Each structure stands twice: as C-alpha cells, then as structure tokens.
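See structure below.
The values are calculated or read from the model by the stated rules, or taken from the named source; none is laboratory data. Keep in mind the model is a prediction, meaning the values are calculated, not measured. Reconstructed Cβ throughout: ideal geometry from the backbone, glycine too, with neighbour counts over all protein chains shown. Please note that ligands, DNA and RNA were not included when accessible areas were found on the heavy atoms of the full protein model with its side chains. Shrake-Rupley method; radii C 1.70, N 1.55, O 1.52, S 1.80 Å.
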Amino acid sequence: MFIQTESTPNPATLKFLPGQTVLEVGTADFPTAEAADASPLAKRIFGAGGVAGVFFGVDFVTVTKAEDADWDHIKPGILGAIMEHYQSGASVMGEDHKPVSGHAEHTGEDGEIVGQIKELLDTRVRPAVAQDGGDITFHGFDRGIVYLHMQGACAGCPSSTLTLKMGIENLLRHYIPEVIEVRPVAA
C-alpha cells in the first residue's frame, strides 16, 4: 500500500491519500481525540501523537498537527497508523455512523434561498476545497448573512478568510442577490 501526501494551504495540515475510499458519502470531522471515538481510523491517527485534528473526505484523510509538533517527526507515525488500519480490514467508522451532507437544516421563509446556497456550495465550492483537504458546510442564513462552517484544512487556514470573502461571498452574491455577506462560524 502506498499513501501519497499533499500539502494544503494550511501549513499545520497535511492531506493523506490512501488510494482507496475513506468514506462512501459525506465527510467526518474529529477536532479532538475524544471525538475520534466514533472512528477506529481516527483513533489510530490520534494515537500516533502530535495530532490536533483529523478530517475524512471520500478519498482522503486530512491531519492537523499540534502547535508544538513537527511534521518530520509525526508524519511517519501517521502514515503507519493509516497503513495498519487499512491492512487490518477494520471499518473506518463505527457501526452507528450515519453519513450526512454536513449542511445544517433550515426551516423558515428563506427555504428557497437556502436551497440555492446549498446547491452552489455542493456543486462549486465543496469540490474545490476538498482538493485542499477541507470542507465548507452551510450553518445558517439570517437577514442576508450566510454562516458557513469550515472543516479539515480549511479550519484555521491563514487563507480561509480570503477564500470566504473573495471567493465564496462573491460567488453567492453573484447568483443569489439576497446574499449580502458570508461569515464563518466556530465548530
């Protein structure tokens, strides 16, 4: 098994490509070691040491290192954890995992606008940020302001504000005149 690694725009995050499916559908975010209890693979990666966060996409694993960790020291352990996991034949997620779109539900009078926002995110934004090892999901819409949740390499990335303001905000405002602004939300 050969696992490729790619850098991301976030220097604290690396993208690992195991060459096989990680998740069949959706994404999974593990911002802490405690959250990793839902995934045997995430638990192994946190167990390698120096890991602050793990994120799964369809065909990649994104790992964010702890501030005091050095990639040269922790990368071999992470590669080993991923390889051991796939060789063991264990599942990536626990049995009670249910795949989700990642978007928050929205009920109310702006349903049509929110539907357009989610469709643009799914077709234009999420595939692009997945290339960088992250994900961006809809969190809410209130009086023209779209609230988005950034995950994986996007969370804490120095260029994430620029991506939100110059990229996503401009895209949404172009197609949906009711959108005034885009803001990030914390997990």
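Rundown of residues vs (1) in a loop (DSSP other than H, G, I, E, B); (2) hydrophobic (A, V, I, L, M, F, W, C); (3) closer than 26 Å to Gly156 by Cβ, yes/no style:
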| site | (1), (2), (3) |
| --- | --- |
| Lys75 | no, no, yes |
| Ile78 | no, yes, yes |
| Ala90 | yes, yes, no |
| Met93 | yes, yes, yes |
| Thr107 | yes, no, no |
Just need a number here: residues in segment 28-51 that are surrounded by fewer than 16 Cβ atoms within 10 Å (Cβ to Cβ) and of a type in the set (Val, Ile, Thr).
1
Among the residues of segment 1-45, write down those that are hydroxyl-bearing (Ser, Thr, Tyr) and within 14 Å of the chain's Cα centre (by Cα).
Thr8, Thr13, Thr27, Thr32
So is Ala128 under 14 Å from the mean Cα position of the chain (by Cα), aliphatic (A, V, I, L, M) and open to solvent by 30 Å² or more (accessible area, probe 1.4 Å) or not?
yes
Output the qualifying pairs, or none if there are none: Cβ atoms under 7 angstrom, residues six or more apart or on different chains, first residue in segment 109-136 and more than 19 Å from Ala153 (Cα to Cα), second residue in a helix (DSSP H, G or I) and open to solvent by less than 10 Å² (accessible area, probe 1.4 Å).
Ile117/Leu172; Leu120/Leu172
Working only within segment 6-22, note down all residues that are within 15 Å of Gly152 (Cα to Cα) and open to solvent by less than 70 Å² (accessible area, probe 1.4 Å).
Thr8, Pro9, Asn10, Ala12, Thr13, Leu14, Lys15, Phe16, Leu17, Val22
One residue is enough: does segment 114-125 have a residue meeting the conditions under 30 Å from Ile180 (Cα atoms), touching an Asp or Glu at 6+ places or on another chain (Cβ under 7 Å) and surrounded by 14 or more Cβ atoms within 10 Å (Cβ to Cβ)?
no
Just to check your reading of the model, which residue among Val54, Val58, Val25 is surrounded by 22 or more Cβ atoms within 10 Å (Cβ to Cβ) and on the phi < 0 side of the Ramachandran plot?
Val54
Mind counting the residues in segment 161-179 that are open to solvent by less than 100 Å² (accessible area, probe 1.4 Å) and touching a helix residue (DSSP H, G or I) at 6+ places or on another chain (Cβ under 9 Å)?
8
With respect to Ala104, determine if the residue is touching a residue at least 60 places away in the same chain (Cβ under 8 Å) and among the aliphatic types (A, V, I, L, M).
no
Please go through segment 135-159 and pick out each residue that is modelled with pLDDT under 80 and either open to solvent by 20 Å² or more (accessible area, probe 1.4 Å) or in a strand (DSSP E or B) (or both).
Gly152, Ala155, Gly156, Pro158, Ser159
Here are some residues: Ile168, Ile136, Ile145. Which one is over 23 Å from Pro9 (Cβ atoms) and of a type in the set (Val, Ile, Thr)?
Ile145
Those residues of segment 129-163 which are acidic (Asp, Glu) and touching a Leu at 6+ places or on another chain (Cβ under 8 Å), in sequence order:
none
